[in-house]
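Everything below concerns the one structure shown next.
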Amino acid sequence: MVACLLSLSLMVLDHRYNTLESLRSTLSVVLYPIQYLAGLPSILSQSASQAMTSRSELETQLKHLSDDNLELRARLQKFESLEAENMRLRALLDSSFKVGDRVLIAELMAVEQDPFRQVVLINKGKNSGLYAGQPVLDANAVVGQVTHVNPLTASVLLITDATHALPVQVNRNGLRTIALGTGLINQLELPHLPNNADIEVGDLLVTSGLGGRFPPGYPVAQVVEVKREPGRPFASVIAETAAHLDRIREVLLVWTLNSNATAPAADETDQALPDNTDGAVAPGEATE
């Protein structure tokens, strides 16, 4: 009984006053070598597999990469031209042009085993300039947001977590709504759309920028099911995430240019992304 009462007291104090934050950060630093050693067999097996790759396979991969590089460089020339044209049009409209966002690449260290939580651990933390609420993406779309930052690691809440809400809009017509996590690794629901809402299967959902957490325009999901039942006020809309949340290995941490958050350290690699993303909501916060 004493142990139970003590546990409940500590949970209440930590939840309401963050009294154990310093202890948690200290323990995370102590446990970091153990987490690294736990993932070391996988790293060693990948290294051994790569060392045993034949010369012919490497030559084939090199040829494919060279071809892809040539194609991407050709596309880049077109994108640079479009960017210059966009800047000229914005200048005509007397609108400020946002150059892009700073990003930092991080790797996944662990996935939370709780079946009711969609949380992953990454190998970047407060020492790299991360902050709570920071947008996280992969190569395809929005992944989630940072919810807890330690000196060397950080926890990322995925957009499919049942406690996560993300303001989105339909890319086709600008219709705004909220995408809620379902607890399934690749599925979101849009519960607040009336039956007569202009939304169809195949519509792309992008971040709307409302709430101020995610910049507008980043891909989020694609609508895969729309059910309208007479007599019900809202349609049942299901969307499939554009990011492959069940197989990601690396993620991008985004610093928006107008953010007051700390930028990455000078020796960290940063890149430019297109001007897009929307606002997600951490557990316990208002959705808009």
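The values are calculated or read from the model by the stated rules, or taken from the named source; none is laboratory data. Source: prediction; values computed, not measured. Here the Cβ positions follow ideal geometry from the backbone for every residue, glycine too, while neighbour counts run over all protein chains shown. Surface areas here come from the heavy atoms of the whole protein model, side chains and all, with no ligands, DNA or RNA. Shrake-Rupley method; radii C 1.70, N 1.55, O 1.52, S 1.80 Å.
Remarks
- Solvent-free Debye scattering, log10 I(q)/I(0), computed from the Cα coordinates of segment 164-211 at q = 0.24 Å⁻¹: -0.94
- Listed peptides 112-118, 223-229, 7-13 appear in the order 223-229, 112-118, 7-13 once ranked by packing, highest mean of other Cβ atoms within 10 Å at the front.
- Difference of contour (0.36 nm per residue) and Cα-Cα distance, L23 to M11: 3.0 nm
- Carbon/sulfur fraction of accessible area - segment 192-241, other protein chains in place, 1.4 Å, %: 51 percent
- Potential lengthening of the chain between A38 and D68 amounts to 7.3 nm, from the contour at 0.36 nm per residue minus the alpha-carbon distance.
- Surface exposure of segment 137-191, expressed per residue as accessible area with a 1.4 Å probe, stands at 31 Å².
- Projected label points at K78 and S49, each 7 Å from Cα along the beta carbon direction, are separated by 3.4 nanometres.
- Largest-first ordering by accessible area, 1.4 Å probe, given options Y131, Y218, Y36: Y36, Y131, Y218
- Debye, to nearest 20: dipole size of segment 101-171, +1 on Lys, Arg Cβ, -1 on Asp, Glu Cβ: 200 debye
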